[in-house]
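Taken together, the values in this text are just the output of simple stated rules run on the coordinates, not laboratory data. All values derive from a computational prediction rather than experimental measurement. Here Cβ is always computed from backbone atoms with ideal geometry, including for glycine, and neighbour counts include all displayed protein chains.
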Amino acid sequence: MHAYIALLRGINVGGHKKLKMADLKLLFEELGFKKVHTYIQSGNVVFFSEEKDGLVEIISKEIENRYGWEVPVFVKTVAEVKQILTDCPFDESKKTEAYFMLLASSPKQELVAAINEISYPNEEFIITDKIIYCYYHNGLGKAKLNNNFFENKLKVASTTRNYRTLAKLLEFAK
């Protein structure tokens, strides 16, 4: 049995795509996943499965079948999430306040190069093939370089979580 962390993009935001965590937990259990645990209302799920392949498709398809809308789903192993936190390029003081944008696929290098030319005061970012590491001196709420910005510019689906959320999900996966 393997532990996984699923991150759903864009549910329970602004009154759109409402999905109670109890219903999400039940959906995962009905798909045959074990030890399912949800965390906060933004679509974070820790679960265990014998399956290794096709998890994103299985989960995405079931959400669409039940609710009638598509949701980008990101599934990572515990080791992958640990690596994301370990690889954070910011020093410890910034790392614990950082945001991590998981990318559905690697962005085109010419798009990355164009974004790397953009700068906003008090906002730092580093783009890799799978993650965008962000630090906002004034918090995410007023940030210009947010998830929607990067999705539009890189033409890649992404979802953002902060350090505390990812660390908490790793605790649940133990």
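Quick notes on this one:
- Set of the stretch 70-91 residues, backbone N closer than 18 Å to the point 7 Å along the Cα-Cβ line of LYS61: 70-75
- Of the peptides 19-27, 36-44, the ranking by mean beta-carbon count within 10 Å, highest at the top, reads 36-44, 19-27.
- Applied to the stretch 71-76, the Karplus parametrisation 6.51 cos²θ - 1.76 cosθ + 1.60 on θ = phi - 60° returns per-residue 3J(HN,Hα) values of 9, x, 10, 10, 10, 10 Hz, with x for Gly and Pro.
- Phi angles across the stretch 108-121 convert, under the Karplus curve 6.51 cos²θ - 1.76 cosθ + 1.60 with θ = phi - 60°, into 3J(HN,Hα) values of 5, 4, 5, 6, 4, 4, 5, 5, 4, 7, 8, 9, 10, x Hz, Gly and Pro given as x.
- In this structure, the amide hydrogen of HIS2, modeled 1.01 Å from its nitrogen in the peptide plane, lies closer than 5 angstrom to those of SER49, GLU50, counting only residues at least 5 positions away or on a different chain.
- Fraction of alpha-carbon pairs over 27 Å apart in the chain - percent: 26
- Size of electric dipole in the stretch 81-164: Cβ of Lys, Arg +1 and of Asp, Glu -1, about Cα centre, debye, nearest 20: 280
- Restricting the stretch 71-116 to trypsin sites (Lys or Arg not before Pro) in coil, as DSSP defines it, with at most 14 other Cβ within 10 Å: LYS108
- About the centre of its Cα atoms, the chain shows a dipole size close to 440 debye [charges on the beta carbon of Lys, Arg (+1) and Asp, Glu (-1) only; nearest 20 debye].
- Comparing Cα centroids, the stretch 1-73 and the stretch 100-147 end up 26 angstrom apart.
- For ALA143, no residue whose modelled amide H falls within less than 5 Å of its own remains once neighbours fewer than 5 places apart on the same chain are excluded.
- Using distinct alpha-carbon pairs, which all enter the 1/r mean, Kirkwood radius of the stretch 81-164 in Å: 12.8
- Between GLU97 and SER119, the simple spin-label model (points 7 angstrom out along Cα→Cβ) gives 2.0 nm.
- When the Gaussian network model of the chain links Cα atoms closer than 10 Å, the mean-square fluctuations of ALA104, ALA113, ALA157 top out at ALA113.
- The slack between GLU51 and THR128, meaning 0.36 nm per residue of separation minus the straight C-alpha distance, is 24.9 nm.
- Calculated from backbone phi, Karplus (6.51, -1.76, 1.60) coupling profile of the stretch 42-59 in Hz, x at Gly/Pro: 9, x, 10, 9, 9, 8, 10, 8, 6, 5, 10, 10, x, 4, 4, 5, 4, 5
- Taking only the C-alpha atoms of the stretch 2-79, Rg followed by Dmax gives 11.4, 35 Å.
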